[in-house]
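The values are calculated or read from the model by the stated rules, or taken from the named source; none is laboratory data. Keep in mind that this is a model prediction, so the values were computed, not measured. Cβ placement follows ideal geometry from the backbone for every residue including glycine, while neighbour counts extend to all protein chains displayed.
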Amino acid sequence: MEDVVLYCKSYRKDFLRLKQLLASVQSYNKDHIPFYISTPESQYDQLVSILGSDGYRWVSDESIISANEQAPDGIEKSKSGSLSQQVIKSEFWRLNLCLNYVCLDSDCIFIKDFKKSDFLGSNGDPYTVIYQNKEYFQLAFNRGHERAPANLRAEGDRVRALFNRNGPNYYCPCPPFIWSAKVWESLDQSYLKPRGLTFWDLCTAEHPETLLYLEALLNFQAIPLHPIEQLFRVYYYDWHYFLLRRLGESTAKLKENYLGVIYQSSWDLSLDYGGSQKSIFSRALKKLKRLGRYLQSYLL
């Protein structure tokens, strides 16, 4: 069993992004940390046609789902794609391949050398990305984009209430996540099973997997808490990207503090595999709105 691996759950639409992530892993992975990728079985051939078969180890989404014997057959078919993806990522630990895993999304890109020591302490315990996200909340408020922070705060309140924990909300809204199998198992043993639940029941649009992990760690203390800040620079929205670039940020400068960068696929559609399915009018309107946000980045 590995002490730490890299893992990305992907699907057809993100395969071009995943190819970019794989290239960055191959360039900067100085300790040769194993890289696992999971997709639906039906998309494996297409994955290989785009990525090739070198530089990663493939497992099927179905094998991860079936590793939880308590999960009803076909449960993933009753959930949206986004929720199924959250659960599959969170259940990867059940394959017993590793003690810890660095969970990546397809839109992650490493930009400099990384080693196991970026994710694990000298005693083998993983670091935990956990913070209050005040810098982004303030920036969004300053620029008139209050809705996203308000939604994150509401999520934090709801998940914290599940565990009856008092105190501030903590976040790690975007990958990479450094997840411990011990923490996920403690959630399963101490919260889910006593209630007759599986993670498929608990993880919902109101209770995202990122916050459930942090609350499980804080409540059941399966591992020591060694907090660190975000490993990658995350551009949450196009206005966020335009503004920070306008202030002089660049990939070269990001290497001072970050291992990588994320241009979130929710707004950066340039690498969508298969092209957009939306109408010409819808695409034109999106481009017009983006132009407006770009021009806004010049305003104080």
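Could you tell me whether any residue of the stretch 189-197 is within 15 Å of the chain's Cα centre (by Cα) and surrounded by 15 or more Cβ atoms within 10 Å (Cβ to Cβ)? No: the stretch 189-197 contains no residue that is within 15 Å of the chain's Cα centre (by Cα) and surrounded by 15 or more Cβ atoms within 10 Å (Cβ to Cβ).
Identify, please: which residue in the stretch 1-42 is free of Cβ contacts under 8 Å to residues at least 24 places away in the same chain and either of a type outside the set (Asp, Glu) or in a strand (DSSP E or B) (or both) and is, among those, nearest to Tyr101 (Cα to Cα)? The selected residue is His32. Residues in the stretch 93-114 that are crowded, with 22+ Cβ neighbours inside 10 Å and charged (D, E, K, R) were compared, and the one that is nearest to Ser63 (Cα to Cα) is Asp105.
Among the residues of the stretch 49-95, the ones that are modelled with pLDDT of 95 or more, within 21 Å of the chain's Cα centre (by Cα) and of a type in the set (D, E, K, R) come to 6 in all. When restricted to residues that are in contact (Cβ under 8 Å) with a residue 60 or more places away in the chain, within 21 Å of Asp105 (Cβ to Cβ) and not polar (S, T, N, Q), the stretch 174-189 contains 8. Arg293 satisfies every condition listed in (1) among the basic types (Lys, Arg); (2) out of contact with any strand residue (DSSP E or B) (no Cβ under 9 Å at 6 or more places or on another chain); (3) at pLDDT 90 or above; (4) crowded, with 16+ Cβ neighbours inside 10 Å except (3).
Just wondering, is there one or more residues in the stretch 181-192 that are in contact with a Ser or Thr (Cβ under 9 Å, 6 or more places away or on another chain), not in a helix (DSSP H, G or I) and not basic (Lys, Arg)? No, there is no match, as no residue in the stretch 181-192 is in contact with a Ser or Thr (Cβ under 9 Å, 6 or more places away or on another chain), not in a helix (DSSP H, G or I) and not basic (Lys, Arg). One residue stands out among those in the stretch 43-71 that are assigned to a loop (DSSP other than H, G, I, E, B) and in contact (Cβ under 8 Å) with a residue 40 or more places away in the chain: the one that is nearest to Tyr7 (Cα to Cα), which is Asn68. The set of residues in the stretch 150-169 being in a helix (DSSP H, G or I) and surrounded by fewer than 18 Cβ atoms within 10 Å (Cβ to Cβ) consists of Ala150, Asn151, Arg153, Ala154, Asp157, Arg158, Ala161, Leu162.
The residue list Val5, Val48 contains one member that is out of contact with any helix residue (DSSP H, G or I) (no Cβ under 6 Å at 6 or more places or on another chain) and buried (at least 16 other Cβ atoms within 10 Å of the Cβ), which is Val5. The residues of the stretch 142-158 that are within 17 Å of His240 (Cα to Cα) and either of a type in the set (Ser, Thr, Tyr) or in contact with a helix residue (DSSP H, G or I) (Cβ under 7 Å, 6 or more places away or on another chain) (or both), listed by number, are Arg143, His145, Glu146, Ala148, Pro149. Within the stretch 61-92, if we keep just the residues that are buried (at least 16 other Cβ atoms within 10 Å of the Cβ) and among the small types (Gly, Ala, Ser), the residue that is nearest to Ser42 (Cα to Cα) turns out to be Ser84. Across the stretch 217-228, not a single residue is classified as modelled with pLDDT under 95, more than 19 Å from Asn166 (Cα to Cα) and not in a loop (DSSP other than H, G, I, E, B).
Inspect the stretch 129-143 for any residue being under 30 Å from His32 (Cβ atoms) and at pLDDT below 95 and give the result as yes or no. Checked the stretch 129-143: at least one residue is under 30 Å from His32 (Cβ atoms) and at pLDDT below 95. For the stretch 125-152, residues that are in contact (Cβ under 8 Å) with a residue 40 or more places away in the chain and either of a type outside the set (A, V, I, L, M) or on the phi > 0 side of the Ramachandran plot (or both) total 9.
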